[in-house]
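Report on one structure; see the data block that follows.
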Amino acid sequence: MVKKMLKIIGMILGLIFIILATTAISFCYRNTHWWEKDMKSIEKLGVQEKQITLPNGNTINYGELDGDGPALLLIHGQMVAWEEYASVIPDLSKNWHIYAVDLYGHGESSHEEELYYLDVNGDDLIWFIDNVIGEDTVVSGHSNGALLAAYIAAYGSDLVKGVVLEDPPVFSTQGENWETSFAYLDTYQPLHEYISSEQTECWPAYYLRHCYWGQLFMKDAMPGLANYAQKYREKHPNEEVKIMFLPSSITTVFHYVEQYDMLYGEHFYDLTWNNGITHEEMLSDIDIPCVYLHAKENVAETGVYLCAASREQADRAVSYIGENCRLIETENSDHNIHGSHEDIYLDAVNSFLEERYDDYAE
């Protein structure tokens with residue numbers, strides 16, 4: 001009887017071990033291959049990667065998926081590329097003909113420092129709408145891509161019919177409490193210091209050693225993570241740094257950083273990216289329908305806003321745009337709304353479909 005009980009206990013423990021091991025392996029695999037499933041999905045749908053050279057010689061790289069519906073231009077945020085939208089492109093393609101661009105300094109678009117300005121990139125994206133898309137277009141931008149979307153909405157042609165501003169860093173990226181903002185402390189200050197240093201370790205290692213979120217929540221663990229990242233790079237010099245025990249929400253930027261020009265970030269560090277254009281003026285010049293998606297305000301004990309914009313800043317931005325704009329706030333401060341709140345994002349974009357526009361306008 002005792003032997004039978006021990007055998008049963010052993011089987012149970014073995015089963016538990018198998019379940020835990022399988023779960024751990026699956027977790028680690030997802031963390032290091034998170035993009036593969038989404039990329040396979042859009043490739044199966046027929047997405048094509050293309051390039052267009054403008055009359056001024058600049059090159060815009062973009063992904064296009066000829067879905068069933070009007071044109072939708074997607075503009076990504078900092079340190080990623082057009083493929084970052086892969087998770088939502090399949091659902092978007094049910095209603096839209098999608099154009100997802102690489103910003104200058106990102107992906108396969110032109111990498112020239114003189115292009116890293118709001119109006120320069122914005123004007124070329126307006127040209128892209130007028131000459132490549134060539135039809136009525138809704139524009140959706142994320143983070144600093146949302147600021148570019150706002151510029152296009154304000155100064156684009158009559159082809160621009162609506163805009164989704166996904167958690168733009170309004171006002172802070174033109175200097176308002178900039179040096180105490182999360183973006184400055186977590187990304188742009190470390191990036192500037194890395195560029196200015198002897199660069200004795202790779203950027204992922206340096207970032208993990210100095211990032212603000214790490215100092216807030218995992219201070220004791222960060223040196224070890226940074227050392228691991230550096231050893232990984234030394235062992236795999238031509239590969240992106242993969243850290244199997246960190247979720248993709250943290251390591252996403254490592255996937256795209258090899259195609260990112262760090263001088264782009266310098267123009268945010270020194271506040272020159274706006275190139276003399278104020279957010280107040282730009283937002284006030286938007287007179288087309290707009291949806292502003294705001295990640296809920298979150299403030300650290302240090303007083304630093306752990307979000308792209310405070311609720312007050314979001315409300316102020318909407319007030320400049322006026323009655324054509326509606327504000328939607330998520331229940332947490334996850335900046336990547338299209339990734340973490342896909343339903344909210346899809347509903348915001350689809351609100352511009354012709355059959356729903358009358359309801360939206362009311």
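What share of the DSSP beta bridges in the chain is antiparallel, in percent to the nearest 5?
Taking every DSSP beta bridge within the chain, about 30 percent pair in antiparallel fashion.
If each of GLU240 and ILE195 carries a label point 7 Å out from its Cα toward its Cβ, how far apart are those two points in nm?
Each label point lies 7 Å from its Cα, and together they span 2.2 nm.
Give, rounded to the nearest 20 debye, the magnitude of the charge dipole that the stretch 259-362 has about its Cα centre when Lys and Arg contribute +1 at Cβ and Asp and Glu contribute -1 at Cβ. List each step's numbers first, then the result.
Values: 5 positive and 23 negative charges, 58 e Å.
Roughly 280 debye, rounded to the nearest 20.
Which one of LEU165, HIS335, GLY134 is farthest out on the positive end of the charge dipole of the chain, using unit charges on Cβ (Lys, Arg +1; Asp, Glu -1) and the Cα centre as origin?
Going by the charge dipole, the pick is HIS335.
From the phi of every residue in the stretch 98-115, what ³J(HN,Hα) in whole Hz does the Karplus formula 6.51 cos²θ - 1.76 cosθ + 1.60 yield, where θ is phi - 60° and glycine or proline is x?
Ordered by residue, 3J(HN,Hα) equals 9, 10, 10, 9, 8, 5, 4, x, 10, x, 9, 6, 4, 10, 9, 4, 5, 8 Hz.
What whole number of Å gives the distance from the Cα centroid of the stretch 246-288 to the Cα centroid of the stretch 230-244?
So the separation of the two Cα centres works out to 26 Å.
Arranged from highest to lowest average of other beta-carbon atoms within 10 Å per residue, in what order do the peptides 166-176, 326-336 appear?
Packing proxy ranking, top to bottom: 166-176, 326-336.
Classify the stretch 263-318: rounded, prolate or oblate, from the alpha-carbon gyration tensor (a ≥ b ≥ c, eigenvalue square roots; a/c under 1.5 rounded; otherwise prolate if a/b is larger than b/c)?
The shape class here is oblate.
Amide H neighbours of GLU329 under 5 Å, counting only residues 5+ apart in sequence or on other chains, H built in-plane at 1.01 Å?
HN-HN under 5 Å from GLU329: HIS294.
For the chain, what relative contact order do you get, as a whole percent, if you take Cα pairs closer than 8 Å and at least 6 residues apart?
Relative contact order here is 17 percent.
Does the stretch 116-260 come out rounded, prolate or oblate by the C-alpha gyration tensor, with a ≥ b ≥ c the root eigenvalues, rounded set by a/c under 1.5 and, if not, prolate when a/b is larger than b/c and oblate if not? Provide the component values of the computation, followed by the final result.
On the way: a/c = 2.57, a/b = 1.96, b/c = 1.31.
In terms of gyration-tensor shape, prolate.
For the chain, what does the helix formula give at 222 nm: sum of -39500 (n - 2.57) over DSSP H segments with n ≥ 4, over the residue count, nearest 500 deg cm²/dmol?
Result for the chain: -13000 deg cm²/dmol, rounded to the nearest 500.
With a ≥ b ≥ c the root eigenvalues of the C-alpha gyration tensor of the stretch 67-148, is it rounded (a/c under 1.5), prolate (a/b larger than b/c) or oblate?
Verdict is oblate for the stretch 67-148.
Please name whichever of SER87, LEU246, THR272 sits farthest to the positive end of the charge dipole of the chain, dipole taken about the Cα centre and charges placed at Cβ: Lys and Arg +1, Asp and Glu -1.
Towards the positive end, the residue furthest out is LEU246.
If you place +1 on the Cβ of every Lys and Arg and -1 on the Cβ of every Asp and Glu, how big does the dipole about the Cα centre of the chain come out, in debye to the nearest 20?
Approximately 2660 debye in magnitude.
What helices does the chain hold that run 27 Å or longer along their axis, going by alpha-carbon atoms, with a Kyte-Doolittle average of 0.0 or more, using DSSP H for the helix calls?
2-32
Rule-based calculations on the coordinates, nothing more; no lab input. Computed from a prediction, not measured in an experiment: that's the story for all the values here. When we count neighbours, we look across all protein chains shown, and the Cβ atoms used for this are built from the backbone with ideal geometry, even at glycine.
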